[in-house]
Every structure is written in C-alpha cells, then in structure tokens.
Amino acid sequence: MSEKTHVGNLKLIGGELCLDFANTVDWRLGGQPHEWLETYADLIAWSRHAGILTQSEARWLLRMAGRSPGRARAVLRRAVQLRELIYRLFSAIAHGITPAARDVEKFNRALSNSLYRMRLVQVAGSFEWDWDGGGQDLERPLGHILRSAAALLTGGGLKRIRQCRDGRCGWLFYDHSKNRSRCWCAMEDCGNRAKARRFYSRHRAEAAAKE
C-alpha cells in the first residue's frame, strides 16, 4: 500500500527549492485546488522535508510558534503570499510572458527585507549563507526560499522553467533534460493520466468508426 500523501512527504519534483515551494498547492488550475500549508506547523513540516531546516531547528520554531501563535499565523500568511508571488513570476516565465512589474517590485521588497537579516558563516573551510539569529526566527524558512528564487531568476536558466502540461495541475519545474523535452511534473502521475486519456479517446474513436 502506498504511503498517504501529506505535507511532510509531498513530492519534490520542481528541481529548485522555490519551485517546490510554489507546488505546495495540488491541482492549482482545477476546480478544487488542495492547500497543503494550512498551519505554521505545515510550513515547518514542509521545510524540514525540503531540507532547509534541521530537526532541532524545526522543534525550536514549533516551540516558538506555540508561545506566539498570532505571530506564527502572520508568518504563515506571508509565506503563502510569497508562494503565490513566486508562482506568478515563474508561471509567466514558463509561458514566455514577461512577469508583471508589480510582482517584480513585490519580490524585490521581500528579498530586500530578507537580505539584511542574512550573514556569511564558515562551514568546512568555505562560506555559506545563514539566517542572522540562527534557528530562532519564525521567518527563517522564507529566507531560504527567497534566495532560491533570486538565484533562479538571475542564473541564466529561465528558458528551462516549465509548467506541467496537464491543464489542471499547474505544478512548476526546472527541465534538466538534455533536449528540454520534459512536459509533465511527473510521468508516473500527470504523464500516465494523459497517456490513459489518449488511449481511451483513440479507442472510442475507433469504436465509433466501426459502428
């Protein structure tokens, strides 16, 4: 029996952290989208699953959220707003459309607010970015996501940004294939459903032709 899907084991098929974060809504373009980030604990569970928080950081943030539930809810609202902003930017890019100037400005403001809280730390003889204040800030996961989106926007690979061809799915991904031929978020999901629909339509047409 396959494991039941929940926010802590949601498929990470985007190829980039920010795209996986944008994919925390299932069936976004269908009639009944499913929201995976309903609580601050959901945000922490996804962040732990995506590898941007350690177990001890996640435990600490959940304790902090329990002490400041109003602030935790505010951070969750900002997280969802950031997710929707990232989705609009990269969905436009995936379709060859210039992102809206207001969305670029919103992203710049969010990035600016995040960057002043970053610092460089030495790790194993090199340097990497860390969130000033360590793991004790409820907004810590958002800094990682913003940096991922900024790196992707400036990294020269925008022509490889794709959106699943299933008209109901809406998931985004970075096409790492050599010939840039990937068109489904996952072949075993949307890809197989599309194959089944084509098979059914073809056989219906053949049956109708024989009548």
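What follows is calculated from the coordinates using simple rules that are stated; it is not laboratory data. Please read these numbers as outputs of a predicted model, since none were measured by experiment. No Cβ is skipped: glycine too gets one built from the backbone with ideal geometry, and neighbour counts run over all protein chains shown.
Normalising by the residue count of the chain, find the relative contact order in percent from Cα pairs under 8 Å and 6+ residues apart. Don't skip to the end; give the middle numbers.
Values: 245 pairs, mean separation 55.4, N = 211.
Relative CO of the chain lands at 26 percent.
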Free-standing Cys, the chain [no other Cys Cβ under 4.7 Å]: CYS18, CYS183, CYS190
What is the fewest-to-most order of TRP171, TRP60 by other Cβ atoms lying within 10 Å of their Cβ? TRP60, TRP171
Could you state the number of Å between the C-alpha centres of region 135-175 and region 10-51? 11 Å
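Which of THR39, THR154 has the fewest other C-beta atoms within 10 Å, and how do the rest follow up to the most? Each step should come with its number before you reach the end.
Values: THR39 13, THR154 9.
Placing the least packed residue first, the sequence is THR154, THR39.
Rounded to the nearest 20 debye, what is the charge dipole size of the chain about its Cα centre when +1 sits on each Lys and Arg Cβ and -1 on each Asp and Glu Cβ? The partial results should precede the final answer.
Values: 35 positive and 22 negative charges, 101 e Å.
Dipole about the Cα centre, nearest 20: 480 debye.
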Residues CYS18, CYS169, sorted so that the one with the fewest Cβ neighbours within 10 Å comes first: CYS169, CYS18
Scan (1) 29; (2) 36; (3) 41 for the value of percent of Cα pairs over 26 Å apart calculated from this model and give just the label. (3)
Run the simple label-point estimate for GLU105 and ARG73 please: 7 Å along Cα→C-beta, distance reported in nm. 3.0 nm
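Hey, can you rank 120-132, 90-102 by average C-beta count inside 10 Å, highest first? Can you show the working numbers first?
Values: 120-132: 11.0, 90-102: 14.0.
My ranking of the peptides, most packed first, is 90-102, 120-132.
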